[in-house]
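Novice: Just passing along the structure, written as structure tokens.
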Amino acid sequence: MSSLKSFKLSQLAEILGAELEGDPSKEINGINTLENSLDQEVSFIARESYLTKLSTTKAGAVICNTDYSELFTGNKLICENPYLTYARCTELFKEKPAIKTGISSLAAIEDTAIISDTASIGNFVTVSANAVIEDEVVLMPGVFIGEGSRIGKGSIIYANVSIYDSVNIGEECILHSGVVIGSDGLGFAKDNGSWTKIEHLGEVIIGANVEIGSNSTIDRGSIGNTLIGENVKIDNQVHVAHNVVIGSGTAIAGNSAIAGSTKIGKNCTLAGCSAIVDNIEISDEVHITAMSLITKSIKESGYYSSGTPFMKNSEWKKNAVAFKRLHGLIKK
């Protein structure tokens with residue numbers, strides 16, 4: 001991945017807080033994988049499974065820990081946490097698009113909306129009555145901001161995001177294209193064979209430094225609010241239902257779903273395709289592996305699983321029978 005930016009290795013080492021072994025004057029102009037790196041690019045290794053690629057990489061330098069540094073003869077940026085250092089390195093080579101402050105003539109802005117002079121409002125954006133757009137907010141083309149909603153300082157809302165009425169988004173948030181915040185959840189009462197809609201009267205409140213991936217949805221509270229804590233990271237195509245509470249520092253991977261009124265603690269992780277039923281509580285520091293279904297509250301931190309690894313179908317059937325037998329013995 002080439003970049004217009006260029007750094008000497010000595011500069012990278014200083015910025016990243018890494019120990020340099022190699023040529024301090026070596027110019028680096030991009031970051032790439034071990035397999036695809038060129039001589040003027042930096043790469044990284046954080047897992048043992050990539051060691052075979054370390055011996056053949058053409059990278060101009062490799063970010064690694066002390067153990068792996070002994071296996072590579074080229075330029076090295078040695079650190080305690082290579083993956084974290086790699087993440088910080090990507091920020092250096094990220095080319096941020098030029099943002100023009102002001103309001104596009106093609107935007108539709110209600111008279112009672114409050115918009116900072118330093119905000120950027122793109123083509124075909126709609127900002128409804130009494131909405132507040134704070135300093136340095138970027139609203140990409142096609143964004144809809146509902147009545148009374150607030151977008152915190154420095155937040156970036158990508159194209160075609162829909163933010164309904166009475167949504168509060170904190171500072172420095174990132175919402176990717178297709179996100180919907182504040183829609184009604186699944187709430188209906190049965191009346192002689194037909195459904196009566198439960199109107200959703202609550203709000204969505206999102207803390208600072210939250211990132212939400214493309215096409216994810218967060219429903220407003222039915223009574224009370226849906227709450228997303230600070231520094232929460234939500235992947236693509238995740239569904240968060242009404243009145244869910246997610247604690248700060250929690251990360252949720254793609255295609256996961258959290259049913260209504262569930263509370264998830266701080267610094268939890270939900271791997272891909274996790275499913276959480278309604279009205280349960282998950283304590284802090286709980287880590288749920290991929291394809292797991294959580295049907296009751298979790299009161300202790302730790303790792304939890306329910307899905308099984310793939311195997312031949314014939315073997316899976318035998319194991320399914322064994323699980324049933326074991327379950328029967330436990331119940332007795």
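Read the figures in this text as sums done on the coordinates, not as results from a lab. Small disclaimer: the values here were computed from a predicted structure and weren't measured. Note that each Cβ is placed from the backbone with ideal geometry, even for glycine, and that neighbours are counted across all protein chains shown.
Novice: For the residue pair residue 11 and residue 130, what label-to-label distance in nm results when each label sits 7 Å from Cα along the Cα-to-beta-carbon direction?
Specialist: Roughly 5.0 nm, to one decimal.
Novice: Another one. Counting DSSP beta bridges with both partners in the chain, what percentage is antiparallel, nearest 5?
Specialist: 15 percent
Novice: What distance in nm separates the two pseudo spin-label positions at residue 92 and residue 315, each 7 Å out from Cα along the beta-carbon direction?
Specialist: Calculated label separation equals 4.4 nm.
Novice: Rounding to the nearest 20 debye, state how big the charge dipole of the chain is about its Cα centre with +1 on each Lys and Arg Cβ and -1 on each Asp and Glu Cβ.
Specialist: Dipole size: approximately 1700 debye.
Novice: Of 272, 288, 310, which is farthest towards the positive pole of region 271-319's charge dipole, taken about the Cα centre with +1 and -1 on the beta-carbons of Lys, Arg and Asp, Glu respectively?
Specialist: Of the candidates, 310 comes out farthest on the positive side.
Novice: Treat every Asp and Glu Cβ in region 255-332 as -1 and every Lys and Arg Cβ as +1, leave all other atoms uncharged, and give the resulting dipole magnitude about the Cα centre to the nearest 20 debye.
Specialist: Charge dipole, region 255-332, about its Cα centre: 560 debye, nearest 20.
Novice: Where in region 192-277 are there GluC sites (Glu not before Pro) that are in a DSSP coil and have at most 13 other Cβ atoms within 10 angstrom of their Cβ?
Specialist: 199
Novice: Moving on. Rank 252, 28, 182 by how far each Cα sits towards the positive end of the charge dipole of the chain (+1 on Lys, Arg Cβ; -1 on Asp, Glu Cβ) and give me just the farthest.
Specialist: 252
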